[in-house]
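S.K.: Got a structure for you, written out below as structure tokens; questions coming shortly.
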Amino acid sequence: MKTKYYAIIDIGSNTMRLVVYVRDKSGRIKERENVKVVARLRNYLNTDGVLDENGIKTLIKTLQSFQEVTRFYELETTTCVATATVRHAKNQQEILDLVEQKTDFHIKVLSDYEEAYLGYLAVTNSTPFRDGITIDIGGGSTELTYFENKELRFYHSFPFGALSLKRQFVAGEKPTEEELNQIHTYVCEQLRTLEWLENKQLPVIAIGGSARNVVQMHQEEVGYPLAGLHQYKMTKQDIENIEEEIAPLSFAELQKVDGLSKDRADTILPAMQVFRCLLDYVGTSEFVLSRKGLRDGLLFEVLQRREEMTLFSDVLERSFDELAKDFEIDVNKAKDRQETALQLAKLVEKQGLVTLTDHDIFLVRYAAYVYNIGAYIDTESGNQHSFYLLANRTIDGLLHKDRIILALLASFKNKSFYNRNAEVFQTWFQEEELAHYRLLGAVIKLANSLHATKRNIISAIDLQLEGAELVLRVTCKEDWRAESYQVEKQKKHLEKQLRRNIQLTFQEDATSYIS
């Protein structure tokens, strides 16, 4: 596959944004350019519903600046869409005609259904959730969807957004306590018209700049140790705590809050009322950010039409395929190690030495697949690179805590190395959890040793408790000296976790011939 470039232009009510995506030879999609302009077109929509002359000039000048970027690339496609403000403008056709005359672009005006659908599409193709509620607060509208088993069940678009709520209820630069209460009451009343939302008790997955800023403020407040926003989880209480802290601030102070974009200082509090009302009405405390939204949904549609992507495929499997391509993992050898790690983990459980959940099996499967992935960068420090890469790379379909567990398991070298990596995340885990995952890491490391020469010579493994000692019997199809040396060298890590000696026995597979 050759490297391909795609441009998406999103003309929102508050901001206009150009994103140029690159799809590299491995198939991985990345942002190459991300250009944002706070155009606030909603403010140019007059009381008659007409986008005034200044608004049209702002729109065209911004698009002309975007085309300086798009002309630089040899683009496969350029998709330019507009949402609520242009959708509601009574002079819409005039706007579209002028844009075609004066720029390279043809605007497609999205219906409220299309806007909601594209957000849902982005979420279901980039997060682990099969059921949930999505919310996308724009400047002039708010889109909600409910999906079940990844299928869109209901959608609705409200004709209010962060900017229009501010214009409707707020007299000054920031809302007073009374104005916030008015917004809260109004939004809650609007949400109660949607019976399909009530008490669904599902995670609320939020899209867009307002949600992104709420998350950024929370990460700054707690000193979050990871890079990345996508799939970040918060609680309703977290949102309320942030509001308590920022609501009393002056507008000048708000503009300086860490994590809050200066251009959203006047709209963030109205947007937070929408999140709070929705969480209450849905009956959940689970609030998750999706960094992927309308623009990504558009790109997914483009790639689907060009038969370059399958929608609703397994999100996590796709992410690990990309990891394998990016870091040149030998997939067959990784699967051999994966199978052995799972067998060994279940044998340890069979002896009553550990209790495995379905989630543990899930983690062992994927951690074994990418074990020591950092050797791609440097073999001598492969474990350290493995932890850093997996902890800090966005992995669609894997929430942040699971990403850290995966990184700890896939980089396991020894107890002290594991503990150093885990130290910064101590508040995320109970001590017993860390000990449990340390054992699983040792299991994966031993499984890796059984494939020291990467020849897949293992026919069978068995583990039995004989007295106080564990006996690991390994049946091989070919000469096992290299594997035996590595397992003898590395078994101490599992012995320490199990607090038992492991006696090794290698034997010939009777059905194979060893020279």
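S.K.: Given the criteria surrounded by fewer than 18 Cβ atoms within 10 Å (Cβ to Cβ), free of Cβ contacts under 8 Å to residues at least 12 places away in the same chain and over 18 Å from ASN372 (Cβ atoms), does ALA510 qualify?
M.R.: yes
S.K.: Residues that are within 21 Å of HIS184 (Cβ to Cβ), in contact (Cβ under 8 Å) with a residue 60 or more places away in the chain and either of a type in the set (Lys, Arg) or loosely packed, with under 13 Cβ neighbours inside 10 Å (or both): does the stretch 199-214 have at least one?
M.R.: yes
S.K.: Can you tell me which residue among TYR44, TYR21 is hydroxyl-bearing (Ser, Thr, Tyr) and more than 19 Å from VAL109 (Cα to Cα)?
M.R.: The match here is TYR21.
S.K.: Tell me yes or no: at least one residue of the stretch 464-487 is touching a helix residue (DSSP H, G or I) at 6+ places or on another chain (Cβ under 6 Å) and under 26 Å from VAL331 (Cα atoms). Please lay out each step first, then the result.
M.R.: Within the stretch 464-487, the first condition is being touching a helix residue (DSSP H, G or I) at 6+ places or on another chain (Cβ under 6 Å), and the residues that meet it are 486-487.
Then drop every residue that is not under 26 Å from VAL331 (Cα atoms), which leaves 486-487.
The answer is yes, given that some residue of the stretch 464-487 is touching a helix residue (DSSP H, G or I) at 6+ places or on another chain (Cβ under 6 Å) and under 26 Å from VAL331 (Cα atoms).
S.K.: Of the residues LYS325, LYS346, LYS335, only one is under 30 Å from ASN149 (Cβ atoms), surrounded by fewer than 18 Cβ atoms within 10 Å (Cβ to Cβ) and within 24 Å of the chain's Cα centre (by Cα); which?
M.R.: LYS325
S.K.: Looking at (1) out of contact with any Leu (no Cβ under 8 Å at 6 or more places or on another chain); (2) in contact (Cβ under 8 Å) with a residue 12 or more places away in the chain; (3) not hydrophobic (A, V, I, L, M, F, W, C), find the lone condition where GLU339 falls short.
M.R.: (2)
S.K.: For the stretch 256-269, does any single residue satisfy the condition of being more than 16 Å from the chain's Cα centre (by Cα), over 30 Å from TYR113 (Cα atoms) and assigned to a helix (DSSP H, G or I)?
M.R.: Within the stretch 256-269 (the criterion being more than 16 Å from the chain's Cα centre (by Cα), over 30 Å from TYR113 (Cα atoms) and assigned to a helix (DSSP H, G or I)), the answer is yes, since at least one residue qualifies.
S.K.: Step by step: first the residues of the stretch 467-489, then only those that are touching a strand residue (DSSP E or B) at 6+ places or on another chain (Cβ under 8 Å) and loosely packed, with under 14 Cβ neighbours inside 10 Å, then the one that is farthest from ASN501 (Cα to Cα). Which residue is that? Break it down into steps so the answer makes sense when it comes.
M.R.: So the first thing to find is which residues in the stretch 467-489 are touching a strand residue (DSSP E or B) at 6+ places or on another chain (Cβ under 8 Å), and the list is 469-477, 480, 483-484, 487-488.
Still in the list and also loosely packed, with under 14 Cβ neighbours inside 10 Å: 469, 488.
Values: GLU469: 5, GLU488: 11 Å.
Looking at the filtered set, the residue picked out is GLU488.
S.K.: Picking from PHE72, PHE105, which residue would you name as being within 30 Å of the chain's Cα centre (by Cα) and of a type in the set (A, V, I, L, M, F, W, C)?
M.R.: PHE72
S.K.: Further question on the same structure: Given GLU244, GLU253, which one is without any contact (Cβ under 8 Å) to a residue 40 or more places away in the chain and within 30 Å of the chain's Cα centre (by Cα)?
M.R.: Going through GLU244, GLU253 in turn, just one is without any contact (Cβ under 8 Å) to a residue 40 or more places away in the chain and within 30 Å of the chain's Cα centre (by Cα): GLU244.
S.K.: To continue, here is another question. If I filter the stretch 223-230 for residues that are surrounded by fewer than 20 Cβ atoms within 10 Å (Cβ to Cβ), among the aromatic types (Phe, Trp, Tyr) and without any contact (Cβ under 8 Å) to a residue 12 or more places away in the chain, do I get at least one hit? Steps first, please.
M.R.: The initial filter retains those residues of the stretch 223-230 that are surrounded by fewer than 20 Cβ atoms within 10 Å (Cβ to Cβ), namely 223-230.
After this cut, where a residue has to be among the aromatic types (Phe, Trp, Tyr) as well, the list is 224.
Those still in the list that are without any contact (Cβ under 8 Å) to a residue 12 or more places away in the chain too: 224.
Checking the stretch 223-230: at least one residue is surrounded by fewer than 20 Cβ atoms within 10 Å (Cβ to Cβ), among the aromatic types (Phe, Trp, Tyr) and without any contact (Cβ under 8 Å) to a residue 12 or more places away in the chain.
S.K.: For the stretch 283-402, please list each of the helices (runs of 4 or more DSSP H) lying entirely inside it that holds at least 2 residues being over 26 Å from ILE133 (Cα atoms) and outside the structural domain of ARG130 (by TED's automatic domain parsing).
M.R.: Details: elements: 294-305, 315-326, 331-350, 358-369, 382-392.
Those helices (runs of 4 or more DSSP H) span 315-326, 331-350, 358-369, 382-392.
S.K.: Now, a different point. Could you list, ordered by first residue, the pairs with Cβ atoms under 9 Å in which the first is in the stretch 170-192 and closer than 14 Å to TYR281 by Cβ and the second is in a helix (DSSP H, G or I) and of a type in the set (Asp, Glu), at least 6 apart or interchain?
M.R.: Note: pairs meeting the criteria are CYS188/ASP280; LEU191/ASP280.
S.K.: Suppose we filter SER65, SER126, SER111 for residues that are surrounded by fewer than 17 Cβ atoms within 10 Å (Cβ to Cβ) and under 30 Å from LEU278 (Cα atoms); which single one remains?
M.R.: Just one listed residue meets the conditions, SER111.
S.K.: Check every one of the strands (runs of 3 or more DSSP E) wholly within the stretch 128-225 and list those with 2 or more residues that are of a type in the set (D, E, K, R).
M.R.: On the way: elements: 132-137, 142-148, 151-158, 204-207.
Strands (runs of 3 or more DSSP E) meeting the threshold: 142-148, 151-158.
The values are calculated or read from the model by the stated rules, or taken from the named source; none is laboratory data. Treat the numbers as computed from the prediction; the structure is a model and nothing was measured. We place every Cβ from the backbone using ideal geometry, glycine too, and count neighbours over all the protein chains shown.
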